[in-house]
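**Q** Sharing a structure below in structure tokens format, with a few things to ask.
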Amino acid sequence: MNNEQFAQVFDRIADLLEIKGEVVFKTLAYRKAAESIRDLPGSLKAFHQQGKLMEIPGIGKAIAEKIEELIATEKLGFLERLEAEVPVGLLEVLQVPDVGPRKAALFWKQAGVTSLAELEAAANAGIIRTLPGMGEKSEARILAGIDALKRRGHRLNLDTARSIADRWLDWIRHQPGVERAEAAGSLRRWKTTVGDIDIVVAIKEPSELMKALASHPDVQRVLGTGDNKTSLELPGGINMQVWTQPPDRFGTLLQFVSGSKDHNVALRALAQKQGLSLSEQCITTADGKEMLFADEEGIYKTLGLDFIPPELREDRGEIKAAEEHRLPRLLEVSQLTAELHTHSTWSDGINTIEEMARGCLSRGLKIYSASDHSGGLGIAGGLKPERLRERKKEIEQVQQKLGNGITILGGAEVEIKADGTLDYNDETLAWLDVVVASLHTSLRQPRDEITARLVNAIRHPHVDIIGHASGRLLPNREGADLDWDIVLDEAQKSGVAFEINANPSRLDIDEVHVRQAVEMGIPIFINTDAHAVEQLDLVVYGVSVARRAWLKPDQILSTWEPDRLLTWLKMPKANRKNL
DNA sequence: GCCGTTTTCGGCCCGACTGTTTTCAGTCG
């Protein structure tokens, strides 16, 4: 079992306990444990081996014992008993909007509903409306909810969510009375994928705006609307919430809707300790006075905290760090100096080396590597070794033309073949300035096999960087089933670097593994994998991964001064560990 | 079930919105 699978077990327990009617704080404890496991820097099994389970936040004696049982037997008696007690089909019933554990239990106990299909049948038969607390509207809402569930697409990639949000922000900002409008929620925290789109608006009188939103041609249906919040369904089953407060309360609203939920809970608990109450409207003092905030900064200051950037608001220790003035100064795009993984017209890119180099130069970069595909990847127009030599001549010409402002390197993205060998021979690999080794095919190999395959590349003396290591494609295709304990251990020994692939459909390696790698002293680059000049701007998404992983600029080699980085690239891999 | 410079027992965020109610429960973020 990997961390995600452990986490799913505890989320499942929480869901079942909720339906069963267990006290909410117990279910919260299981959810908190699941979240902690997902964020863990290292495998849960490794923590167990080191006897450190109870050091993980949210894991105490009871949950630690359950983890031990799972590791020993791959089973959990507690969960099995729970599944015998509560129909597991009710878990999908919980997915219906506006159906939570209490209603699910009601449908089960009073109408015999044990699955989504049975709920739909019961609603269609008019049975649901007869239950206590239910009525015709509730029944219709449930049918609409089941319908929405079927329509509902997957989560959105960050760039998709951003472009949708930007279009709406542009429209909202032009509506009468709107003073400010911003995207909030997981989009503002730069979470890897986004579920719903959240927009916050500063406006004194919101009713006209709410009406205008409801009648906007791109709104498929209105899911709910009030004075301060409206919930809309957009084409493709995407949900959008628009929240409003008067301008002098915009700060608390933006803070609240930005989340995360866990961050807000922790922040409000901190406020409580200080005799204050924090809400989306204001901070209320013990004697009932309201403190208003037009901006977020004052909220954190009032609570005795340094300002916490949205990317860090996940309740992973950021509040304590802000209290103690030891939040990291996070990486900015402007601090990057190098781009080592791009493609040109020599393989499947659409811009020439000169165009790409000029694109890098105009973005303030000092080192650019054309890292075209190796020969084996036929679909991407990979280069045979002799073509690499021809490309080198062009690189030299462009270098001469552009002068000293930028150093152009001749690299390659080399395929790690299904048997673990590389696509170029050692002589060619040694000759290249930068070697990025990547998996593209046979990603569904069993864990042992694909791990060994990647380890081969990691150990290879001429491989500088492992490209998009997991091979995941967001939002749907999972990455390879790698054994990360082995992968990172081998990387640490070999001196190889990992990239954060900045393409929003990759963001690979992810923030959890980035943090773990950096703690182990493994070098990290941010690369765009750009196949066109404008894709160089995707780097902002890679930067967001580094920011969410709490990295400081110097921990990313892509920020290094050119001389230092070129020295690093030229020295034998085994020696780099000492730099 | 977890946790502790207000607690080893008694807490565990706060408000909007909806639908069903005659004042509130459930859900959501």
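The values are calculated or read from the model by the stated rules, or taken from the named source; none is laboratory data. Quantities reported herein were computed from a predicted structural model and do not represent experimental measurements. Cβ sites come from the backbone with ideal geometry, for glycine too, and all protein chains shown count toward neighbours.
**Q** Before we move on, is A:Glu182 over 26 Å from A:Gln245 (Cβ atoms) and either outside the structural domain of A:Ser258 (by TED's automatic domain parsing) or in contact with a strand residue (DSSP E or B) (Cβ under 8 Å, 6 or more places away or on another chain) (or both)? Before you say what the answer is, go through the steps one by one.
**A** On the way: over 26 Å from A:Gln245 (Cβ atoms): no; either outside the structural domain of A:Ser258 (by TED's automatic domain parsing) or in contact with a strand residue (DSSP E or B) (Cβ under 8 Å, 6 or more places away or on another chain) (or both): yes.
So A:Glu182 does not fit the description; no.
**Q** Further question on the same structure: Can you tell me which residue in region A:257-289 is modelled with the lowest pLDDT, limited to those that are charged (D, E, K, R) and more than 10 Å from DNA strand B (Cβ to nearest atom)?
**A** So the residue we want is A:Asp287.
**Q** Take the residues in region A:81-101 that are in contact (Cβ under 8 Å) with a residue 40 or more places away in the chain and outside any loop (DSSP other than H, G, I, E, B), then tell me which one is farthest from the chain's Cα centre (by Cα). I'd like the intermediate steps shown before the answer.
**A** Applying the first criterion (in contact (Cβ under 8 Å) with a residue 40 or more places away in the chain) to region A:81-101 yields A:82-83, A:85-86, A:88, A:90-91, A:94-101.
Right, trim to outside any loop (DSSP other than H, G, I, E, B) and you get A:82-83, A:85, A:90-91, A:101.
Details: A:Leu82: 32, A:Glu83: 31, A:Glu85: 35, A:Leu90: 28, A:Leu91: 25, A:Pro101: 27 Å.
Here the residue is A:Glu85.
**Q** Scan region A:238-262 and report the pairs whose first residue is within 27 Å of A:Tyr30 (Cα to Cα) and whose second residue is near DNA strand B (Cβ under 10 Å from one of its atoms) and in a strand (DSSP E or B), with Cβ atoms within less than 9 Å and a gap of 6+ or a chain change.
**A** Pairs that qualify, where the first residue is within 27 Å of A:Tyr30 (Cα to Cα) and the partner is near DNA strand B (Cβ under 10 Å from one of its atoms) and in a strand (DSSP E or B), are A:Gln255/A:Leu278; A:Phe256/A:Trp243; A:Phe256/A:Leu278; A:Val257/A:Asp198; A:Val257/A:Gln241; A:Val257/A:Trp243; A:Ser258/A:Asp198; A:Gly259/A:Asp198.
**Q** How many of the residues making up region A:39-70 are more than 19 Å from A:Leu482 (Cβ to Cβ), touching a residue at least 12 places away in the same chain (Cβ under 8 Å) and hydrophobic (A, V, I, L, M, F, W, C)?
**A** Adding up the residues that qualify gives 6.
**Q** Within region A:496-508, track down each residue that is assigned to a loop (DSSP other than H, G, I, E, B) and over 11 Å from A:Ile465 (Cβ atoms). Walk me through it before giving the result.
**A** As a first pass, look at region A:496-508 and keep what is assigned to a loop (DSSP other than H, G, I, E, B): A:496, A:502-507.
Hits for region A:496-508 are A:Ala502, A:Asn503, A:Pro504, A:Ser505, A:Arg506, A:Leu507.
**Q** So if I check each of A:Arg453, A:Arg477, which one is over 12 Å from A:Ser438 (Cα atoms), free of Cβ contacts under 8 Å to residues at least 60 places away in the same chain and of a type in the set (Lys, Arg)?
**A** Values: A:Arg453 fails: over 12 Å from A:Ser438 (Cα atoms).
So the residue among A:Arg453, A:Arg477 that is over 12 Å from A:Ser438 (Cα atoms), free of Cβ contacts under 8 Å to residues at least 60 places away in the same chain and of a type in the set (Lys, Arg) is A:Arg477.
**Q** Going by the conditions given, is A:Asn351 touching a strand residue (DSSP E or B) at 6+ places or on another chain (Cβ under 9 Å) and assigned to a loop (DSSP other than H, G, I, E, B)?
**A** On the way: touching a strand residue (DSSP E or B) at 6+ places or on another chain (Cβ under 9 Å): yes; assigned to a loop (DSSP other than H, G, I, E, B): yes.
Against the criterion (touching a strand residue (DSSP E or B) at 6+ places or on another chain (Cβ under 9 Å) and assigned to a loop (DSSP other than H, G, I, E, B)), A:Asn351 qualifies.
**Q** Could you check region A:1-55 and list, in sequence order, the residues that are assigned to a loop (DSSP other than H, G, I, E, B) and more than 14 Å from DNA strand B (Cβ to nearest atom)? Can you show your working first?
**A** Narrowing region A:1-55 to residues assigned to a loop (DSSP other than H, G, I, E, B): A:1-2, A:21-23, A:39-43, A:50-52.
Of everything in region A:1-55, those that are assigned to a loop (DSSP other than H, G, I, E, B) and more than 14 Å from DNA strand B (Cβ to nearest atom) turn out to be A:Met1, A:Asn2, A:Pro41, A:Gly42, A:Ser43, A:Gln50, A:Gly51.
**Q** Turning to a different aspect of this structure: Just for region A:102-124: of the residues that are assigned to a helix (DSSP H, G or I) and of a type in the set (Gly, Ala, Ser), which one is nearest to DNA strand B (Cβ to nearest atom)? Lay out the reasoning, then the answer.
**A** Just the residues of region A:102-124 that are assigned to a helix (DSSP H, G or I), to begin with: A:102-111, A:116-124.
Among the residues that remain, those that are also of a type in the set (Gly, Ala, Ser) are: A:104-105, A:111, A:117, A:121-123.
Numbers: A:Ala104: 6, A:Ala105: 8, A:Ala111: 14, A:Ala117: 19, A:Ala121: 19, A:Ala122: 14, A:Ala123: 12 Å.
Here the answer is A:Ala104.
**Q** From the list A:Leu361, A:Leu312, pick out the single residue that is assigned by TED's automatic domain parsing to the domain that holds A:Phe293 and not aromatic (Phe, Trp, Tyr). Spell out how you get there, then give the answer.
**A** Numbers: A:Leu361 fails: assigned by TED's automatic domain parsing to the domain that holds A:Phe293.
Only one candidate passes the filter, namely A:Leu312.
**Q** Which number in (1) modelled with pLDDT of 95 or more; (2) near DNA strand B (Cβ under 8 Å from one of its atoms); (3) of a type in the set (Val, Ile, Thr) marks the one condition that A:Thr252 misses?
**A** (2)
**Q** Please determine whether any residue of region A:74-92 is within 13 Å of DNA strand B (Cβ to nearest atom), at pLDDT 95 or above, loosely packed, with under 13 Cβ neighbours inside 10 Å and outside the structural domain of A:Asp196 (by TED's automatic domain parsing).
**A** Yes, region A:74-92 has at least one match.
**Q** Another question about this same structure. Can we say A:Arg188 is touching a helix residue (DSSP H, G or I) at 6+ places or on another chain (Cβ under 7 Å) and surrounded by fewer than 19 Cβ atoms within 10 Å (Cβ to Cβ)? Walk me through it before giving the result.
**A** Numbers: touching a helix residue (DSSP H, G or I) at 6+ places or on another chain (Cβ under 7 Å): yes; surrounded by fewer than 19 Cβ atoms within 10 Å (Cβ to Cβ): no.
No, not satisfied.
**Q** Out of all the residues in region A:131-145, which are more than 6 Å from DNA strand B (Cβ to nearest atom) and part of a loop (DSSP other than H, G, I, E, B)?
**A** In the first step, residues of region A:131-145 are kept if they are more than 6 Å from DNA strand B (Cβ to nearest atom); the result is A:131-132, A:139-140, A:142-145.
Scanning region A:131-145 gives A:Leu131, A:Pro132.
**Q** Then there is this: Just to check your reading of the model, which residue among A:Arg221, A:Arg180, A:Arg155 is surrounded by fewer than 20 Cβ atoms within 10 Å (Cβ to Cβ) and within 22 Å of A:Ile308 (Cβ to Cβ)?
**A** Values: A:Arg221 fails: within 22 Å of A:Ile308 (Cβ to Cβ); A:Arg155 fails: within 22 Å of A:Ile308 (Cβ to Cβ).
None of the other options fit; the residue is A:Arg180.
Rundown of residues vs (1) of a type in the set (S, T, N, Q); (2) surrounded by fewer than 19 Cβ atoms within 10 Å (Cβ to Cβ); (3) part of a loop (DSSP other than H, G, I, E, B), yes/no style:
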site	(1), (2), (3)
A:Leu429	no, no, no
A:Ala437	no, no, no
A:Thr441	yes, yes, yes
A:Asp448	no, yes, no
A:Ala491	no, no, no
